[in-house]
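Data first, discussion second: the structure below is written as structure tokens.
The values are calculated or read from the model by the stated rules, or taken from the named source; none is laboratory data. The model shown is predicted, which means the values in this text are computed figures rather than measured ones. Reconstructed Cβ throughout: ideal geometry from the backbone, glycine too, with neighbour counts over all protein chains shown.
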Amino acid sequence: MSLMTKKALAASLKKLMTQTSLEKITVKDVVADCGVNRQTFYYHFQDIYDLLGWIYRTEAVDGIGDCKTYGTWQQGYLKVFQYVSANKAFCRNTLHSLGREHLDRFLREVTYGMIMGVINEVAGGTKVTEVEKNFVANFYTCAFIGLVILWIEDGMKDDPERIVDDLNKLIEGDIARAIKKYTQ
């Protein structure tokens, strides 16, 4: 019952965010749309931003966990684009709100996880330090997130598959070369 209630609250917030900016949505609005009382909301979440973070952590991150290898990162990155595309108003509203940190955190978490999986695979058996691997992962994470943010800000017109294909062409072999440079 608890998970169903959380999902219902999430659906209400997402619905409201298609019509209203996040800053103008109150707990009262969410519970009225959902048909529950305020105590139920506060039993599950501290505030609207807590609910927003829960939505990104549960809806989007779960499906990407199996895409952390050299051969699958493109699928994971495409899933990020597909999630954002399927939730355009929600993500765009989050981007232009005080809740942007939740979108940023979601993008960072999934992208860093994918990239670090690739780095660990490529660096297997080398003496590359965790600090060096983190630096490479942070570099690519920032680049990948930047592409998603620009895509959202430009109205999500470009085809995500083309973006991922272009990115793959651009960086193919670069992570392996970066790791190799750290081993010399």
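Points to keep in mind about this one:
- Evaluating Asp33 against the criteria (1) surrounded by fewer than 13 Cβ atoms within 10 Å (Cβ to Cβ); (2) over 18 Å from Leu98 (Cβ atoms); (3) of a type in the set (Asp, Glu); (4) not assigned by TED's automatic domain parsing to the domain that holds Glu172 leaves one unmet condition, (1).
- Identity of the residue in the range 98-117, among the small types (Gly, Ala, Ser) and buried (at least 20 other Cβ atoms within 10 Å of the Cβ), that ends up farthest from the chain's Cα centre (by Cα): Gly117
- Residue list for the range 15-48, filter: farther than 13 Å from Phe90 by Cβ and of a type in the set (S, T, N, Q): Thr26, Asn37, Gln39, Thr40, Gln46
- Met156 satisfies every condition listed in (1) at pLDDT 90 or above; (2) assigned to a helix (DSSP H, G or I) except (2).
- Scope the range 120-133; condition closer than 20 Å to Cys67 by Cβ and either in contact with a Cys (Cβ under 6 Å, 6 or more places away or on another chain) or surrounded by 14 or more Cβ atoms within 10 Å (Cβ to Cβ) (or both); matching residues: Asn120, Glu121, Val122, Ala123, Lys133
- Residues located in the range 72-90, provided they are surrounded by fewer than 22 Cβ atoms within 10 Å (Cβ to Cβ), touching a residue at least 40 places away in the same chain (Cβ under 8 Å) and either of a type in the set (Phe, Trp, Tyr) or in a helix (DSSP H, G or I) (or both): Gln74, Leu78, Phe81, Gln82, Ser85, Lys88, Ala89
- Lone qualifier among Thr141, Thr69, Thr126, Thr94 - being under 17 Å from Ala178 (Cα atoms) and outside any loop (DSSP other than H, G, I, E, B): Thr141
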